[in-house]
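The next block holds one structure in the form of C-alpha cells; read it before the comments.
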Amino acid sequence: MNDGNYLIPANSKRGQLIFNIFKPIDLWIAGVGASITIILFMIIQPAQLWSGIIVLLPFLICAFLVVPVPNYHNIRCVLTNIYKFYFVERQQFTWKGWCVKDEYKD
C-alpha cells in the first residue's frame, strides 16, 4: 500500500468548498447582494453615473466580502477575526517567568 504517505492531508477543507473557494454562506451573501441590486435597477432605473453607482453598491459590497484573500478564507473572515481580536476575545496573559513553582503562587 502507501504506508501512510498520503498526497492530500486529511484535514484539507478545500474539497468541501463550492468551486474550491466558496462556502454556502458566501454564495448566499453574493446572491442577496445581486438580488438587491437587480431590484434597485428595476425600481430606480438610473440615468446618471452617481445613481448607477448607488444602485450597484449592494452587489459591490457583497462581492468585496466574499473575495478570497491569502492566509484567510475571504475578507469577511478577516473582518470577523479583527472584530473578535479587538472587541470580543481579548485575552490578558500574566507573565510568570521561566521557572515557576506552584508553591510560590499567591
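The values are calculated or read from the model by the stated rules, or taken from the named source; none is laboratory data. Everything quoted here is computed from the prediction, not taken from an experiment. Virtual Cβ from ideal backbone geometry, glycine too; neighbours counted across all protein chains shown. Quick note on the areas: whole protein, heavy atoms, side chains included, nothing else; ligands and nucleic acids left out. Shrake-Rupley method; radii C 1.70, N 1.55, O 1.52, S 1.80 Å.
For segment 53-68, the set of residues classified as over 9 Å from the mean Cα position of the chain (by Cα) and of a type in the set (Val, Ile, Thr) consists of Ile53, Ile54, Val55, Ile61, listed by residue number. Would you confirm whether or not segment 85-106 contains a residue that is among the charged types (D, E, K, R), modelled with pLDDT of 80 or more and on the phi < 0 side of the Ramachandran plot? There is no residue in segment 85-106 that is among the charged types (D, E, K, R), modelled with pLDDT of 80 or more and on the phi < 0 side of the Ramachandran plot.
In segment 17-35, the residues that are under 19 Å from Val78 (Cα atoms) reach residues that are in a helix (DSSP H, G or I) with C-beta atoms within less than 7 angstrom, at least six apart or across chains, in these pairs: Asn20/Arg14; Ile29/Cys62; Ile29/Leu65; Ala30/Cys62; Ala30/Ala63.
Only one entry in Val55, Val69, Val32 is touching a Leu at 6+ places or on another chain (Cβ under 9 Å), at pLDDT 85 or above, open to solvent by less than 100 Å² (accessible area, probe 1.4 Å) and not acidic (Asp, Glu), namely Val55. Here is a check on your reading of the model: is Ile75 open to solvent by less than 90 Å² (accessible area, probe 1.4 Å), closer than 15 Å to Lys23 by Cβ and either within 11 Å of the chain's Cα centre (by Cα) or touching a residue at least 40 places away in the same chain (Cβ under 8 Å) (or both)? In short, yes.
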